[in-house]
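The values are calculated or read from the model by the stated rules, or taken from the named source; none is laboratory data. Nothing here was measured: the structure is a model prediction, and the numbers come from that model. Glycine gets a Cβ as well: all are built from the backbone with ideal geometry, and neighbour counts include every protein chain shown. Accessible surface is based on the protein model in full, side chains and every heavy atom, while ligands, DNA and RNA are left aside. Shrake-Rupley method; radii C 1.70, N 1.55, O 1.52, S 1.80 Å.
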Amino acid sequence: MPVVHPLEEAIRPRTMVTNPTPAGKSHFALDTSGLASVFGGPEAIFSLALVHVYTGRRWLGWYNSPGSYFLGKLLAQIAHKSPILDIISNSGDRSEKRPDAAELFNYDGRKGPKFRAVHSGTVIDETGHLAALFVKECAEQCATIIPGRQTRPVDITIANLHHIPDKEVPLAGLQNHTRASVGALVPILVSFAACFASGYYDDWYCFSVISLGIVVNGLSCFVIGSGDLIFTHPEPRKGLPPGDGFLTTPEQIILLKGAESAVNSITRGKFSLRFDNGPLFRSIGTCAILLMLQSVAQLLLVPQGSLFGQLMFVTSIIVSWSYNLWLSSLDKEKIQRDMLMNILQLSQQKPDLTKFTLGTRTSMAVFVVLASDVEKAEEILDSLLPNNTGAWKKWKSTIVSRLKSGKELVFDESDWSDSQDSQEAGLLKMLYRDAQDAYEGFPKRGLD
């Protein structure tokens, strides 16, 4: 029998796994510690973002979720109240503009198209997140095709905004996705079962890491879910002219018709994630630190456990990641668009959104004038069709004159035959026919 030196016995590593485990005789060890904290980060962030949308999600985060390193950095950027959190979030320069919480969770930050008001002439070169969502919503509507010449078809959506939202509208619980809530029971049960099995076989290393992951992820969901996701837009003002205007993209024009405050809800509104400046911010900072400590614990403790405990840890991580992955497969943009349509109280059944497709930008511009305000015809045509040659000037002048005098946009050869230039006459003939196509295809009723 070999003799063990007392010093060697003193420094020999001790194990916390005392009972024999099902895989106890195996010499193979899973090196999963470094993977768990960085694996599945985007999916974990998406899952955390939904705590403000789906009813009950803030209470259903008690499972060992992967991606703790990414979640810790994210929450540190929200809290940013101490040098430690600045180091974690890699934002040591306090003079640098910090990202908004809503932007971190992708509820803000997208850039929308240019907006031009019809009556006031106000121009917003770059609208925001909600305008971008509204453009996508309009792009998916079914369109009525207006007959005429075809070059590069352009869609026109006329949105009648009858409802003026409140200055602030809470968004929590607007969506009721039963499967998202009930599905959370699967990773919760698996994580608790894995934790219990590790403890049953006295693998206290893996037991500690799994239980820490359950507690930290549950607290993070609860704390973040304690914030308020709200819709805000500028204070409604009285006595202003209608806020009619149009959003312009290369593929479509969206004409917004309604009161100034109703239009502002799209062009200037935003989703905000609001946290109290006191205890809640401190709780977010605490969660950020715990998430980073969880990453370190996974790195140090999981390799010390038995193969069975490591398998339990990996099982809880994979099941939790699968649930987060399923959540991330949900169309978050569609969720936000549904929230926006709910706020605006828009419906296809009224109809509030009416979409048309025209074959040329010329006919599109005339159609927009007919649908908005003929008194502003010159400004609208110059905005949508900046062409300034002699033929274009003559065409615009004729269109504006006829619209303001109440005449029909019906043309014949006499309207372009007086031109001395044959090429100019051909261009005028084509432009006049585009205008006539728009005029004849424009519905005289049903757009208000």
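Look at Gln304 and say whether it is in contact (Cβ under 8 Å) with a residue 60 or more places away in the chain, in contact with a helix residue (DSSP H, G or I) (Cβ under 7 Å, 6 or more places away or on another chain), open to solvent by 30 Å² or more (accessible area, probe 1.4 Å) and at negative phi.
Working: in contact (Cβ under 8 Å) with a residue 60 or more places away in the chain: yes; in contact with a helix residue (DSSP H, G or I) (Cβ under 7 Å, 6 or more places away or on another chain): yes; open to solvent by 30 Å² or more (accessible area, probe 1.4 Å): yes; at negative phi: yes.
Yes: the conditions hold for Gln304.
List the pairs whose first member sits in segment 189-200 and is closer than 9 Å to Val319 by Cβ and at pLDDT 95 or above, whose second member is of a type in the set (Phe, Trp, Tyr) and crowded, with 21+ Cβ neighbours inside 10 Å, and whose Cβ atoms are under 6 Å apart, counting only residues at least 6 apart or on separate chains?
Final answer for the pair search is Ser191/Tyr63.
Identify, from the list Ser272, Ser322, Ser283, the residue that is surrounded by fewer than 23 Cβ atoms within 10 Å (Cβ to Cβ), under 23 Å from Tyr63 (Cβ atoms) and touching a Leu at 6+ places or on another chain (Cβ under 9 Å). So that I can check it myself, show each step before the final result.
On the way: Ser272 fails: under 23 Å from Tyr63 (Cβ atoms); Ser322 fails: touching a Leu at 6+ places or on another chain (Cβ under 9 Å).
Result of the check over Ser272, Ser322, Ser283: Ser283.
Name the residues in segment 135-163 that are buried (at least 18 other Cβ atoms within 10 Å of the Cβ), touching a Lys or Arg at 6+ places or on another chain (Cβ under 8 Å) and outside any strand (DSSP E or B), would you?
Within segment 135-163, Glu137, Cys138, Gly148 qualify.
Which is open to solvent by less than 20 Å² (accessible area, probe 1.4 Å), within 23 Å of the chain's Cα centre (by Cα) and in contact (Cβ under 8 Å) with a residue 40 or more places away in the chain, of Leu255, Leu291? Even if it seems obvious, please write down each step before you answer.
Details: Leu291 fails: within 23 Å of the chain's Cα centre (by Cα).
Step by step, each of Leu255, Leu291 is checked, and only Leu255 is open to solvent by less than 20 Å² (accessible area, probe 1.4 Å), within 23 Å of the chain's Cα centre (by Cα) and in contact (Cβ under 8 Å) with a residue 40 or more places away in the chain.
Going by the conditions given, is Leu327 surrounded by 20 or more Cβ atoms within 10 Å (Cβ to Cβ) and outside any helix (DSSP H, G or I)? Even if it seems obvious, please write down each step before you answer.
Details: surrounded by 20 or more Cβ atoms within 10 Å (Cβ to Cβ): yes; outside any helix (DSSP H, G or I): no.
The answer is no for Leu327.
Does segment 231-243 hold any residues that are open to solvent by 20 Å² or more (accessible area, probe 1.4 Å) and of a type outside the set (A, V, I, L, M, F, W, C), and which are they?
Thr232, Pro234, Glu235, Pro236, Arg237, Lys238, Gly239, Pro241, Pro242, listed by residue number.
Within the bounds of segment 40-61, is there any residue that is open to solvent by 10 Å² or more (accessible area, probe 1.4 Å) and at pLDDT 90 or above?
No, because not a single residue in segment 40-61 is open to solvent by 10 Å² or more (accessible area, probe 1.4 Å) and at pLDDT 90 or above.
Condition first: within 20 Å of Phe442 (Cβ to Cβ), touching a residue at least 12 places away in the same chain (Cβ under 8 Å), open to solvent by 50 Å² or more (accessible area, probe 1.4 Å) and in a helix (DSSP H, G or I). Now tell me which residues in segment 397-428 satisfy that.
Lys404, the sole residue that qualifies.
In segment 296-321, which residue that is in a helix (DSSP H, G or I) and of a type in the set (S, T, N, Q) is farthest from the chain's Cα centre (by Cα)?
Gln304
Yes or no, residue by residue, for (1) within 30 Å of Met292 (Cβ to Cβ); (2) in contact with a strand residue (DSSP E or B) (Cβ under 9 Å, 6 or more places away or on another chain); (3) surrounded by fewer than 19 Cβ atoms within 10 Å (Cβ to Cβ):
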site: Tyr201; (1), (2), (3): yes, no, no
site: Ile214; (1), (2), (3): yes, no, no
site: Cys221; (1), (2), (3): yes, no, no
site: Ser226; (1), (2), (3): yes, no, yes
site: Leu229; (1), (2), (3): yes, yes, no
site: Glu251; (1), (2), (3): no, yes, yes
site: Asn264; (1), (2), (3): no, no, no
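So which pairs qualify, if the first residue must be in segment 333-355 and closer than 21 Å to Gly269 by Cβ, the second must be at pLDDT 90 or above and open to solvent by 30 Å² or more (accessible area, probe 1.4 Å), the Cβ gap must be under 7 Å, and the two must be at least 6 apart or on different chains?
Taking only residues 6 or more apart or on different chains, the pairs are Glu333/Lys136; Arg337/Lys136.
Hey, does segment 80-90 have a residue that's under 15 Å from Ile317 (Cβ atoms), at pLDDT 65 or above and either open to solvent by less than 60 Å² (accessible area, probe 1.4 Å) or assigned to a loop (DSSP other than H, G, I, E, B) (or both)?
Checking segment 80-90: not a single residue is under 15 Å from Ile317 (Cβ atoms), at pLDDT 65 or above and either open to solvent by less than 60 Å² (accessible area, probe 1.4 Å) or assigned to a loop (DSSP other than H, G, I, E, B) (or both).
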